[in-house]
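To keep things clear, I will list the structure first and then write my remarks on it.
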Amino acid sequence: MNRSIPRLAFLFRLLTAVAILTGGDNSYSARDFDPPITIEINGDREQVEFSQNLSGQIEVRVWQHVGPNGNMRVWIAGEDGSHVLDFPMSEDQLGQVFHDIDFTVLDPGRYIIHTEWMPTRKVITKKISKSVNRSERVYSASREIEIVPAPQRNKEPLPITGILYNEDDSNRFMIDPPGEMTTETLDKLVDDLAGTHVTTYLICCCAKNANYPSEAWSVYGEGFDPELGNDQPFFGDVELGSRETLRRWAHNLQKMTAEGIDTNAYLIERCRKQGISPWISIRMNDAHDAPLAKSPLHSRFLREHPEFKRKPGPISAWTDICLDYGRPEVRDHAMALIKEVCSRYDMDGLELDWNRFPLHLKEGEEELHRDTLTEWMGEVRKVVRDAEKKWGHPILLVPRVSARPEVAYGIGLDAVEWAKRGIIDHLIVAPFWATTDFNIPVEEWIEELEGTGVRVTAGLEARVQPHPGGPTVENTLDRRRGAALAMLGRGSEGIYLFNYFEIPANHQHLLNELDREEALLKRPRTYTVTFTDIAIPGKPIPAPLPKTIGKKESAEFEIPIGPKPLPSDVSLSVVYESTSDNPVYLPVTLSGDPIGRIDHTGKLAIDFRALKSGTNRIEITNGMDYPAVIKQVDLDIVPEGSSK
């Protein structure tokens, strides 16, 4: 069956708990009913396909190709012929979801699925056009199925350990050329993680728009016409060179939706098949394309209510267009999506991503609305509790907030209070976007959360930038290992990965290392001095770099490394600028002890035994008669027997 035919392909998803019982590897296919039931109508095909999805739910798909319209009737009978479920699907009902069809009323046993198709034809007169039943012929087919008890779900939430991998809302749609996306792309996204230490897959369902057929929010791609070029109005004021990736996103999302495929639901099912816990992630305040007035990334809600921005007026920073959660209309807008997501998706966890983007209140009103957001989070918890009843298993509620406790609190996100009230189950702390933060104070979070039962996972970003406004440096595998080990050494329960799209296909082995101290200790790693990229408005956090040191002045840099290293080659690398061509003289101390000086190459070899567990403090003194500007500091550790 050609699923790429661009005519109507309607998915009737019967939301139940019926499943196939399997043995061996506990895997099963979504094609257990193949080939689909096929009904021939005057040489044209109308197909009714019955299958069981990867969660064990029975699905009914009606594939309408080019045949005439008509009335479909589907019913299920016992082996004795008695009707046990009966539901018609008339022409005007195509595309609806039949929530009232409950397969759980069926006891385990064998049943027959029956289908009938009664075509209609148009009767055209001079003034009137109407449909009538062409009742001289009814087309039918049937198929035997077996219903067995569904496997039991865990009644208690699993511990959050290992690697948590975030799949953002757009990446999946940009892999294939426009209009060519298939479910094979979705399969590969999950299958590439199977067998690694990825325990949790966070499936992002939105930015400012939803990426599924939402009734609560506008959907990305509204107004896009695949028949028109990149000069169509949909693209607004996006630069011409940037439109092709947005075209992929819009066209492939439209294609999946037309074929009845909700990519979020599909990824959830695929995760369960591969033994990975599926979560849904909601971006609480995305602000991509902030400088543009007519970007298709902007939601209908934002366009219709510019007064809801946290900083109306000219744009000076992307976070200016973030919505103001001090307004009840904004909170209601977000809650509508949360309720819809909790009702729509059978997920193991719900992440509220307060880091995309990180500012949610008008400057100066953080104190005023901090408690408002705490009460609102309590309402979210109630929605999640109701979803647990619907789906019959626990659903974790986990926020992602800025890396430092005082910053999260200062911008209005009192995550510690959320934990004390039992609102949240776990906490993810991470930088915003500019750079991986090698110095996240995980132990401070742990101390503040003591007694709540809430634990902490620290996150890595895809970028590394030594100082604000400066150039990025390559986020090498060694840097990723160094950042991960530093966080694990400070108490992180695992490692959270954001924007790590290239890792599964290109460096899958890394996914078996990043959450394990013992593995990372044996591998080369680099620790880079970076900065905190989220701050309380009006209270900037001084960045360690760049640092100008005058004659006889010094600068100290903190470098957390995790556990004490195994026997290794260790070197300190410094990128600097000076106003003289004279030989460089930059003495260095480590935790107060002199260890040598940086030479003209900017490097200094260090005895690995001089390093200690946890945070090492490196002080660089300017022994020259002219200023020096330190622009980058790296500590490289290469264990014996490993290769750089």
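The values are calculated or read from the model by the stated rules, or taken from the named source; none is laboratory data. Source: prediction; values computed, not measured. Glycine also receives a Cβ, built like all others from the backbone with ideal geometry; neighbour counts cover every protein chain displayed. Quick note on the areas: whole protein, heavy atoms, side chains included, nothing else; ligands and nucleic acids left out. Shrake-Rupley method; radii C 1.70, N 1.55, O 1.52, S 1.80 Å.
Quick one: accessible surface of THR472, probe radius 1.4 Å, all protein chains present, in square angstrom to the nearest 10.
Spelled out: THR472, probe radius 1.4 Å, area about 70 Å².
Put THR548, THR257 in order of accessible area, largest first, 1.4 Å probe: what do you get?
Sorted by accessible area, descending: THR548, THR257.
How much accessible surface does MET624 have with a 1.4 Å probe, in Å² rounded to 10?
Its accessible surface works out to 10 Å², give or take rounding.
In the full protein assembly as shown, how much of LYS631 is accessible to a 1.4 Å probe, in Å² to the nearest 10?
60
Largest first and in whole Å, what are the equivalent-ellipsoid semi-axes of segment 519-644 based on the Cα gyration tensor, each being the root of 5 times an eigenvalue?
Working through the eigenvalues yields semi-axes of 25, 20, 12 Å.
P(r) of segment 220-361 in 5 Å steps, Cα pairs, percent per bin?
Computed distribution, short to long bins: 2, 9, 15, 17, 18, 18, 13, 6, 2, 0.
Over segment 401-478, consider all pairs of different Cα atoms and compute the Kirkwood hydrodynamic radius from their mean reciprocal separation; express it in Å, one decimal.
Hydrodynamic radius (Kirkwood, Cα only) of segment 401-478 equals 13.5 Å.
Total Lys pairs in segment 170-311 closer than 23 Å by alpha-carbon, pairs eight or more apart in sequence or interchain only?
Going through segment 170-311 pair by pair, I get 8.
Estimate the FRET efficiency between ASP569 and ALA505 by the formula 1/(1 + (r/R0)^6), using the beta-carbon distance for r and 30 Å for R0, to the nearest 0.05.
E(calc), rounded to 0.05, equals 0.45.
Taking all protein chains together and a probe of 1.4 Å, list ASP437, ASP533 from the most accessible to the least accessible.
ASP533, ASP437
Carbon and sulfur: what percent of segment 533-644's accessible surface (1.4 Å probe)?
50
With 5 Å bins from zero, work out the P(r) of segment 328-419 over every alpha carbon pair and list the percent per bin.
It works out to 3, 13, 24, 25, 18, 11, 5, 2, 0, in whole percents.
With 19 Å as the cut-off, how large is the P(r) tail for segment 391-540, expressed as percent of Cα-Cα pairs?
So the pairs more than 19 Å apart make up 54 percent of the total in segment 391-540.
Test of understanding: extend the Cα→C-beta vector of LYS539 to 7 Å, then name every residue of segment 394-429 with backbone N under 18 Å from that spot.
401-418
Modelling each spin label as a point 7 Å along the Cα-to-Cβ direction, I'd like the GLU329/LYS552 distance in nm, to one decimal.
Spacing of the two 7 Å Cα→Cβ label points: 6.3 nm.
Could you state the accessible area per residue of segment 410-463 in Å², with a 1.4 Å probe and every protein chain left in place?
Spelled out: the 1.4 Å probe surface of segment 410-463, per residue, equals 33 Å².
Sort ARG270, ARG421 from largest to smallest accessible area, using a 1.4 Å probe on the heavy atoms of the protein chains.
These residues rank, largest area first, as ARG421, ARG270.
Just the Cα atoms of segment 285-341, one point each, no solvent: what log10 I(q)/I(0) does Debye give at q = 0.12, 0.18, 0.22, 0.24 Å⁻¹?
Each listed q corresponds, in turn, to -0.26, -0.59, -0.85, -0.99.
Ignoring solvent entirely, what values of log10 I(q)/I(0) come out of the Debye formula for segment 165-275 at 0.14, 0.17, 0.22 Å⁻¹ when each Cα is a single scatterer?
-0.57, -0.81, -1.23
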